[in-house]
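Scroll down for the structure; my scribbles are underneath it.
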Amino acid sequence: MTTCAKIALVMFIVAGMSAKIGAQVPEKDYLTAQEADKIRDAETSNERIKLFVDFADDRLKKFQYELNHPSPTNHEQMLNYLMNAYIGCVDDAADLVQLAIEKQENVRRGVDLMAAKTKEYLDALRKIQADAKEIDIYKENLDDAIEGTQDAMNDAEKAKKSVAPPPVRRKS
């Protein structure tokens, strides 16, 4: 094999490896492998938004359960992890809404779901804040969650106005 052929082979291998590394999708550390698969397998933005909202709902319920039934080990870490995971899911759902609107997809159902659920979540978060049970542990994350949920709710309300209403079938 000539020197030029060896150099070309090495360059081809390096280029292939770098393309493979760049093509890998970064995993969200707050999603399980099964949840990430569900997101990947969802065909429409509405389905993905619904999944992220469901995951956020799950994280918030787990947070409330952990708060009322503290685990003997890693209680503080679990509270902070669940609150971070919750806000990650809400942020991703809000990002999907914005991306789908930019692509002019029909995400009316996803936007309506986001608007309704973020109001519920905001009420639950404010109740947690008012109860102030062990709040020193997770106060910063709770404040971030309230702010992020408020932003997501505002974005969903704005998106309701910009997303075309569903078509109305006229009778002839």
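The values are calculated or read from the model by the stated rules, or taken from the named source; none is laboratory data. These figures come from a predicted structure and were not determined experimentally. Counting neighbours? That spans all protein chains shown, and the Cβs are built from the backbone with ideal geometry, glycine included.
Quick rundown of the values:
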read-out	value
Residue in the range 108-123 that is nearest to Glu66 (Cα to Cα), counting only those that are of a type in the set (A, V, I, L, M, F, W, C) and crowded, with 16+ Cβ neighbours inside 10 Å	Leu122
Complete set of residues in the range 148-163 that are in a helix (DSSP H, G or I) and of a type outside the set (Gly, Ala, Ser)	Thr149, Gln150, Asp151, Met153, Asn154, Asp155, Glu157, Lys158, Lys160, Lys161
Counted residues, the range 79-112 - those being in contact with a helix residue (DSSP H, G or I) (Cβ under 7 Å, 6 or more places away or on another chain) and not in a helix (DSSP H, G or I)	2
Residue match in the range 53-63 (condition: in a loop (DSSP other than H, G, I, E, B), modelled with pLDDT of 85 or more, out of contact with any His (no Cβ under 9 Å at 6 or more places or on another chain) and among the aliphatic types (A, V, I, L, M))	no
Filter result for Gln24 (of a type in the set (S, T, N, Q) and either in contact with a strand residue (DSSP E or B) (Cβ under 6 Å, 6 or more places away or on another chain) or at pLDDT 90 or above (or both))	no
Asp54 being closer than 13 Å to Ala159 by Cα, out of contact with any Phe, Trp or Tyr (no Cβ under 9 Å at 6 or more places or on another chain) and surrounded by 13 or more Cβ atoms within 10 Å (Cβ to Cβ)	no
Residue check for Ala145: of a type in the set (Gly, Ala, Ser), part of a helix (DSSP H, G or I) and out of contact with any Phe, Trp or Tyr (no Cβ under 9 Å at 6 or more places or on another chain)	no
Residue identified as free of Cβ contacts under 8 Å to residues at least 40 places away in the same chain and buried (at least 16 other Cβ atoms within 10 Å of the Cβ) among Ile135, Ile128, Ile87, Ile146	Ile146
